[in-house]
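Comments concern the structure below.
Just so you know, all these numbers are worked out from the coordinates, no wet-lab data involved. Bear in mind that the values here come from a model prediction, so they are computed numbers and not experimental data. Positions of Cβ are backbone-derived with ideal geometry, glycine not excepted, and every protein chain shown enters the neighbour counts.
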Amino acid sequence: MMIAARQRSRARRLDRWRAGAPLVACLVAAAAPARALAVDCHTLPQPVFVVGSTAAKPLLAQIGRVVASAAKPTTVIYQGQGSCAGVDAILNGTAVYGEGATALSYWDASGTEQPCDLAAAGPGATADVGLSDVFASTCVDLPGGLPSNVADFVGPVQTMTFVVPAASTERSISAAAAYNVFAFGADSGVTPWTNRSLILQRDPTSGTQRMIAVALGVPVDRWSGTPVPSSGAMLSTLTSASPGGAAIGILAADVAQDNRAALAILAYQHFDQTCGYYPDRDAASNEKSNVRDGHYAIWGPLHLLSRIGVNGLPLNAGAADLIGFMTGTTPAPAGLDLISVEAQHHVVPRCAMRVNRVQEMGALSSYAPPGSCGCAYEKAANGATACMPCQTDRDCPGTAPVCSYRYCETQ
C-alpha cells in the first residue's frame, strides 16, 4: 500500500511538472543566482555603506552621483531599511546583507542607480553611515547618550506630513484628529478616515512614523491601519486607493511634494495651536517658511550616525567626506550646489533655519546661524526672493548688513 501511495504521489508531481506548475517555479528559483552578475560592492571605488532612511534617498542619490564622478571617486552604497535600522547598524554593528527587498544599490557618475552584491560566502558588510530621520534615542533607549565611539552628525531639516490623494476634499488635520485616526482606525469617529484598510502607516523602524508618533503621542507600535513597507509603497498605495477620499497616509515632504499632482499635503494644527499650517507659506510654494520659523510643528534634522576615531572623525574617510557634504561642514565638490539640491528635494539646510530643537519634537529655540542662506534657499526653492542681491557687504543695508550666498542677510 505504501509503495502504491508513493507511486501515485510521484505521478501527481510528474503531472504538475508537465503542466508547468510549481515545480517549474522551484527549478527557476534554484537557478536564480542571476543577481550574482551584479558587481561586488567591495570592488567599487572607495565604497561607503549607508543604511537607513528611505525618505532621504532622493537627496542621497544626488550627492552619490557627484562624489562618484569626482577626481577621487567615492561610491555611496545604499540600503533602505528605515531609520531605526540605520541606528541599529551603527550602534550594534549589525551586518549589512543585500537580498530581496533590502538589495544594495549605488549611483554611478551619470546618476543611474545600479545594483551591487556582496560576496556570497562573505560575512556581510559593516555600515559606515546610519541614516536616520529621527534622533537615535527615538529608536532605542539611550539613558547615557550615544557611546563615545559614535557621533551624530546633524544634516538638513526634514518635514513629515499627512497626505491624502489629490481627489480628496480634505485639506487640513488637527493633532487631535490625527491621534484618533492613527490610534483607533475605524473607530476614530473622524470622517472620512474611518476605513482601516485606507488608513496607511509605515512600521516601527520608519523615521517618518517615529517622529509623528512622538508628535501625536501614539506609541509607534500601537498604530492602527494598513502597514506599507516604504515611502514608495505609501505613494503607490495612496494614489491607487479607492475610494480615494477615505484614504490618508504619512510621508516625508520630499516624496509628498514631488508628487503634488497625485497627492495633497494637509495643513497641520498642533496641540497648542489655533489654526493649521502648511510646511510652506501655502499649498503650492516650496520655501518651507512655516518649518523654518517653527509654525509647522513636525520636523527634525537628518541624522548621520557613524563610528569615529579619537579625532572625532568617521573611521571611513569616504564617509567623513559624505557626511561633511550633507551637513554643509565641508565645501561641496565641483558640480554640487548643495543649497539648490536641498531645495529641489524639499529639505532645509541648517543655514536657512530660524529655529532649532535638540530632541525629538522638543521645545523650539531661536537659531541664527552665521553665514545664513535663507534668501538663497528661497530663491532656489521658489525661483524668487524679496532679498536684496549683493556681491559684498558694502552692497547691503543696515537692516541686513551681511552679504551671504550673494544675498543681504542679517548675519
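Side notes on the structure shown:
- Taking the charge dipole of the stretch 62-194 about its Cα centre, with +1 at Lys and Arg Cβ atoms and -1 at Asp and Glu Cβ atoms, the residue from Ala167, Cys116, Ser188 reaching farthest to the positive side is Ala167.
- Straight-distance crosslink candidates among lysines, where the alpha carbon sits under 30 Å from Lys72 and sequence neighbours closer than 8 are dropped: Lys57
- Proxy reagent accessibility, fewest Cβ within 10 Å first, across Tyr277, Tyr268, Tyr367: Tyr367, Tyr277, Tyr268
- Which of Gly52, Gly232, Gly318, positive extreme of dipole for the chain (C-beta unit charges): Gly232
- Within the stretch 61-171: Cβ-based charge dipole about Cα centre, in debye rounded to nearest 20 (Lys, Arg +1; Asp, Glu -1): 260
- Per the Cα gyration tensor, the stretch 294-411 maps to an equivalent ellipsoid with semi-axes of 27, 19, 14 Å, ordered largest to smallest.
- Taking packing as the residue-averaged number of other Cβ atoms within 10 angstrom, the listed peptides 232-242, 161-171 run from highest to lowest as 161-171, 232-242.
- With Cα atoms as the point set, the radius of gyration and Dmax of the chain evaluate to 24.1, 101 Å.
- Reachable aspartates and glutamates, given that their alpha-carbon falls under 15 Å from the alpha-carbon of Lys288 and they are not under 8 places away in the same chain: Asp254, Asp258, Asp280, Glu342, Glu378
- Net charge of the neighbourhood of Val190, taken over other residues with C-beta under 13 Å away and scored Lys/Arg +1, Asp/Glu -1, is -1.
- Helix-only arithmetic for the chain: the sum of -39500 (n - 2.57) across DSSP H runs with n ≥ 4, divided by the residue total, places the mean residue ellipticity at 222 nm at -8000 deg cm²/dmol.
- For Ala400, neighbours were defined as the other residues whose beta-carbon sits under 12 Å from its Cβ, and their charges (Lys and Arg +1, Asp and Glu -1) total -3.
- Going from the fewest other Cβ atoms within 10 Å to the most, the residues Trp193, Trp223 appear in the order Trp223, Trp193.
- Unit Cα scatterers, Debye sum, the stretch 349-409: log10 I(q)/I(0) for q = 0.21, 0.24, 0.26, 0.27 Å⁻¹: -0.80, -0.94, -1.03, -1.07
- Each 5 Å bin, from zero up to the one with the longest distance, holds this percent of the alpha carbon pairs of the stretch 191-252: 4, 19, 31, 26, 16, 5.
- The charge dipole of the stretch 282-368, taken about its Cα centre with unit charges on the Cβ atoms of Lys, Arg (+1), Asp and Glu (-1) only, comes to about 240 debye.
- For the chain, modelled as a GNM whose springs connect Cα atoms under 10 angstrom apart, the maximal fluctuation among Gln273, Gln81, Gln62 occurs at Gln273.
- 5 Å binning of all Cα-Cα separations within the stretch 158-303, expressed as whole percents from 0 upward: 2, 11, 22, 26, 23, 13, 4, 0
- Ordering of 176-184, 151-159 by burial proxy (mean other Cβ atoms within 10 Å per residue, highest first): 151-159, 176-184
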